[in-house]
Amino acid sequence: MDVKLFIACHKACDVPTDSIYLPLHVGAEGKDSIGFERDDTGDNISNKNPLYCELTGLYWCLHNLEYDYLGLVHYRRYFTLKSKSYQKKNGELSSVLTREELEPLLNQYKIIVPKKRNYYIETVYSHYAHTFDGNQLNVTRKILEELHPEYTRAFDSFMNQKKAYIFNMFIMPKELIQEYCDWLFPILFELEKRIDTSSMSSFEKRYVGRVAERLFNVWLFYQLETKRILPNEIYEMPYLYLGKINWRKKIQGFLLAKLFGKKYKESF
């Protein structure tokens with residue numbers, strides 16, 4: 001079983017040593033080596049990284065790797081099955097998902113995803129509209145109407161939910177990865193043509209990657225709706241974040257966006 005979990009990295013960092021992990025320098029075009037595989041070789045869209053974020057790595061893997069299962073994780077965010085006490089005692093990097101833990105799950109589930117984020121007082125759409133630019137989702141829906149009208153119902157249903165899989169993290173077999181990416185990237189390429197980024201900051205320009213987080217849910221919602229994938233074939237796995245999250249600042253930013261329309265200007 002050839003399993004590869006590529007780690008989206010934009011700088012040199014410590015990475016797990018388990019054989020399933022492939023550190024990948026995303027947005028590598030024009031940059032010095034950081035000692036990892038680069039996403040600017042072969043068939044690639046590395047130059048789109050300022051907009052597409054980790055998805056330039058996904059595109060590279062899709063077109064340049066051989067695998068049976070492919071997963072996407074981040075240099076600071078990994079799947080884990082270890083308890084909080086284990087993580088505290090042994091360290092977070094030693095607590096990431098291993099091949100030994102993963103392989104039995106691949107025999108039981110079609111898709112592994114991170115635990116959902118709950119927006120509580122917001123829908124997926126209203127949260128995005130308050131924190132970023134809701135028109136980006138409106139344009140995305142229009143593109144779906146043109147390219148995949150059968151998905152618009154799933155889009156509308158998901159946007160009214162209060163929970164979502166985020167981070168563009170997942171593990172799937174090659175067949176599903178291919179189907180998902182064949183659906184996703186043409187939508188993103190068209191979205192890129194229709195959104196003017198000339199006055200955006202570098203943080204705001206990452207909208208394509210953010211929209212893709214939502215589109216993964218739309219795609220999965222449709223697979224469930226059409227029974228292509230069954231609920232018991234999806235495994236929600238905890239994830240860990242390497243480093244500290246400023247929860248006070250994060251919650252403050254969420255409330256300012258919700259109550260006063262203050263858009264996010266940086267990651268928390």
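A short reminder: the numbers here are calculations on the coordinates, not readings from a lab. Just so it is clear, the structure is predicted and the values come from calculations on it, not from any experiment. Glycine also receives a Cβ, built like all others from the backbone with ideal geometry; neighbour counts cover every protein chain displayed.
So the values come out like this:
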item	result
Looking only at the range 35-45, and only at residues there that are in a loop (DSSP other than H, G, I, E, B) and not small (G, A, S), the one that is surrounded by the most Cβ atoms within 10 Å (Cβ to Cβ)	D39
Residue that is surrounded by the fewest Cβ atoms within 10 Å (Cβ to Cβ) [pool: residues in the range 1-29 that are of a type in the set (A, V, I, L, M, F, W, C) and without any contact (Cβ under 8 Å) to a residue 60 or more places away in the chain]	A12
Helices (runs of 4 or more DSSP H) lying entirely in the range 80-135 (those with 2 or more residues that are under 24 Å from Y235 (Cα atoms))	84-90, 99-106
Filter pass, D32 being charged (D, E, K, R), in contact (Cβ under 8 Å) with a residue 12 or more places away in the chain and in a loop (DSSP other than H, G, I, E, B)	no
Residue within the range 40-52 that is within 30 Å of E101 (Cβ to Cβ) and in contact with an Asp or Glu (Cβ under 6 Å, 6 or more places away or on another chain) present	no
